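For reference, the structure discussed in these notes is given below.
What follows is calculated from the coordinates using simple rules that are stated; it is not laboratory data. Please read these numbers as outputs of a predicted model, since none were measured by experiment. Please note: Cβ atoms are built from the backbone with ideal geometry, for glycine as well, and neighbour counts cover all protein chains shown.
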Number of protein chains: 2
Amino acid sequence: MRLPLGKLPSSILRKIILDSIKVDNSVLLPPKIGEDGAVVRLKDNLIVAASDPITGTSSKIGWLSVHINANDIVVHAAIPQWFLVILLMPEGTKEKDIEDIMAGIHRGLEELRINLIGGHTEITNKVVAPIVAGFMLGEPIKPGYFIQTGGAKPDDAIIITKGAGIEGTLILATDFYDELKKHIEKELLQNAQQLDRLISVYKDVMTLISGIGLENIHSMHDATEGGLLGALYELSEASNTGFVIYEEKVPILKETKAITEFYKLDPLKLISSGTLVATIEKNLAEIAVKKLQEIGINAEIIGRITEAPDKIVVRKNGYREILSEVPIDELWKFLGHKEV
Amino acid sequence: MRLPLGKLPSSILRKIILDSIKVDNSVLLPPKIGEDGAVVRLKDNLIVAASDPITGTSSKIGWLSVHINANDIVVHAAIPQWFLVILLMPEGTKEKDIEDIMAGIHRGLEELRINLIGGHTEITNKVVAPIVAGFMLGEPIKPGYFIQTGGAKPDDAIIITKGAGIEGTLILATDFYDELKKHIEKELLQNAQQLDRLISVYKDVMTLISGIGLENIHSMHDATEGGLLGALYELSEASNTGFVIYEEKVPILKETKAITEFYKLDPLKLISSGTLVATIEKNLAEIAVKKLQEIGINAEIIGRITEAPDKIVVRKNGYREILSEVPIDELWKFLGHKEV
């Protein structure tokens, strides 16, 4: 059934959204028809809040929205607990389209035990593809304490998990499969399409915290737009530091290598949700890497934080690239060219 | 300058967004480049959260986004305090376009003393007009206590403020001015274009609470999509009650009357943010109306909550219309026709 413009009719809202919502007893006023806001009870009196939309891809966007927003909470050493979501759907949307997105949202929420507490669903001719705008609330792991991206200190070791450009690899392998399959082996592309399993940094963060202790982690960041270098640029700017990293030390999945070489993209500047960037006490860096690898999360020490403000990438050929800005994501550049 | 696809370059983000943000000392981690989440300190351990997008109009959307989300918090007898906002802008957006929206957001936030604590701004080809997705957090006025829309009780008096269809009147007078001015006097249309001054229910709620006391207000709701009847339908459904209201008692601004008669729209089903619908102890209804009118907010008793579940509008001609669903907003129907 093609849905009309505007908010969902209440019978459909109930059927395809509200009836599927279950919340725990922290939620005093859950989502209901007519309730404009939700009320939750906290353990502590600090709350961590973050918001991010998903617009760059159309598959699995509900599920991704949960994890990408949860990532923004865990990097502050907090547990994501309550989620609100605005779904904006194009004209011609059917119930099934919304059900699919909601199923993804529920799957993500169940994986991390998060409550859906509110939102808004609307069919609008102002969008040409589904947009999921998510808002996440969380509480500090240690009451009253949080880590900020801007907490990096000179001499910190920089470690990253998994690899650079993983989210971009997933998006390209999904959206340009037909073109890529003529040049890259099918199995590699199919693996790339399953990289969503790496998008969450929840386990990375929890492992790091339990492995070396909260106080030895000075800064954490999830590498979203602008990729690894964007994340490092932002992190060091926020911390009033610089950094030096070595391209040769940056782990790159073979799926990423194949696709970025084909399209001539720099994997270090390719959107990479799921890549945790952390700066930590340098003497604990080896232990941190070992703890992560023990539970199956690849991790590497790729460089260090510097007091000098220069943001330096030592390329494989020895060239020292100095960043003066968060790079424009390789994915946006690529999509821009594709559509011209 | 035409901005590239993706997140804003950090120099522009700083210049047109971050540099203009001021927060109070409840915000421990304010918005900064690289910080994925914000951290705030509460007085109490309850928090009220709500989210709403603005897509239906393109002028003043930043300012509206603040007030519409604040409305969703105050109706729960809470003070809106922290705001996050996702701006999704179409290809071809210029810095100035974002600055204008941000100026509106700041104006709204200052009016209600709310802190901007986070968000996301992106240029994307998935939208054809600016979209502002807002997310508001607030704290109960009385610690630990909140009012819910679903709290209406049989025999409650239903009062509304200002008039039905005010937001729709504003949108139509703005977006269809050229057509309307051929048929409706200019002054009336210009007044209609200024109805945004009525969009906030903040003062309505605060006046009602101070006038008759928190405990005598059983339910409050802001009449958004579906208009007054949509709000009443939702409120009574959430409360497991019915209602009877009388069309002849519903205040309608003369601007609304002129425009809805011209386009043959039902003002009772026209989007109406700014119209507070409250159900209160019936013996206090006259006092409540008087208190509101004393500070210049028109208010009327338009009917009552019933134990019987029927949702009844007694039309001026005596016809008893029974609602079986939140009505599709007259504005969406109208825009649908306009664009076919």
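Tabulated data for the structure shown
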item	result
Segment B:Lys22-B:Lys43, extension gain: residue separation times 0.36 nm, minus the distance between their alpha carbons	5.6 nm
Normalised contact order of chain B, rounded percent, pairs of Cα under 8 Å and 6 or more residues apart	21
Residue exposure sequence - A:Ser324, A:Ser219 - by fewest surrounding Cβ within 10 Å	A:Ser324, A:Ser219
Whole-Hz ³J(HN,Hα) from phi, Karplus 6.51 cos²θ - 1.76 cosθ + 1.60, for segment A:15-21, glycine and proline x	5, 9, 10, 5, 4, 8, 8
Set of aspartates and glutamates near B:Lys43 by C-alpha distance (under 18 Å), chain-local residues within fewer than 8 positions excluded	A:Asp44, A:Glu139, B:Asp24, B:Glu139
Hypothetical label at B:Glu321: residues of segment B:205-227 whose amide nitrogen lies under 15 Å (7 Å Cα-Cβ projection)	B:226-227
Taking only Cα atoms of chain B, radius of gyration then Dmax in Å	20.5, 63
Alpha-carbon spread of segment A:10-140, three principal axes, descending order, Å	44, 30, 24
Simple Cβ-charge dipole of segment B:213-340, Lys/Arg +1 and Asp/Glu -1, about Cα centre, in debye nearest 20	400
Long pairs among A:Lys254/A:Lys333; B:Lys162/B:Lys182; B:Lys186/B:Lys254, criterion Cα-Cα beyond 20 Å	A:Lys254/A:Lys333; B:Lys162/B:Lys182
Per-residue Cβ neighbour rank within 10 angstrom, fewest leading, B:Val85, A:Val289	A:Val289, B:Val85
Relative contact order (percent, whole number), segment B:207-340, Cα cutoff 8 Å, 6+ residue spacing	39
In Hz, Karplus ³J(HN,Hα) per residue of segment A:184-201 (6.51, -1.76, 1.60; θ = phi - 60°; x = Gly, Pro)	10, 5, 4, 4, 4, 5, 5, 4, 4, 5, 9, 6, 4, 4, 9, 5, 7, 9
Cβ-defined net charge surrounding B:Ile280, 14 Å radius [Lys, Arg +1; Asp, Glu -1]	-2
Per DSSP, loop GluC sites (Glu not before Pro) in segment A:248-319 with at most 16 further Cβ within 10 Å	A:Glu307
Angle in degrees between helix A:285-294 and the longest Cα principal axis of chain A, rounded to the nearest 10	50
In degrees, nearest ten, helix B:61-74 long axis to first principal axis of chain B (Cα)	50
Degrees separating the helix A:227-239 axis from the principal Cα axis of chain A, which is the longest one	80
Gyration tensor (Cα) of the protein assembly as shown, equivalent ellipsoid semi-axes in angstrom	46, 26, 22
Cβ-derived FRET efficiency at R0 51 Å, B:Lys249 paired with B:Arg14, nearest 0.05	0.45
Cβ charges +1 (Lys, Arg) and -1 (Asp, Glu), total dipole of segment A:27-94, debye	220
³J(HN,Hα), Karplus 6.51/-1.76/1.60, whole Hz, each residue of segment B:206-213, x for Gly, Pro	5, 5, 5, 5, 6, x, 10, x
Net dipole in debye of the protein assembly as shown [+1 Lys, Arg Cβ; -1 Asp, Glu Cβ; about Cα centre; nearest 20]	80
Modelled FRET efficiency - R0 60 Å, B:Lys96 with A:Lys203, Cβ distances, 0.05 increments	0.85
Trypsin sites (Lys or Arg not before Pro) within segment A:52-144: DSSP coil, no more than 15 neighbouring Cβ in 10 Å	A:Arg113
Distances in nm from B:Glu99 to the matching label points in the other copies, shortest first (labels 7 Å along Cα to Cβ)	4.9
Per-pair calculated FRET efficiency, R0 = 56 Å: A:Asn283 and B:Val128 via Cβ, rounded to 0.05	0.55
Using a 7 Å Cα-to-Cβ projection, A:Asn240 label spacings across copies, nm, ascending	5.9
Inter-copy separations for A:Ser324, label at 7 Å along Cα-Cβ, nm, ascending	6.7
Among B:His67, B:Pro130, B:Ile101 the positive-end extreme of the charge dipole of segment B:10-140 (Cβ point charges)	B:Ile101
Computed over segment B:58-118: relative contact order in percent, which uses C-alpha pairs under 8 Å that are six or more apart	56
B:Glu330, B:Glu95, B:Glu247 arranged by Cβ crowding within 10 Å, fewest neighbours leading	B:Glu95, B:Glu247, B:Glu330
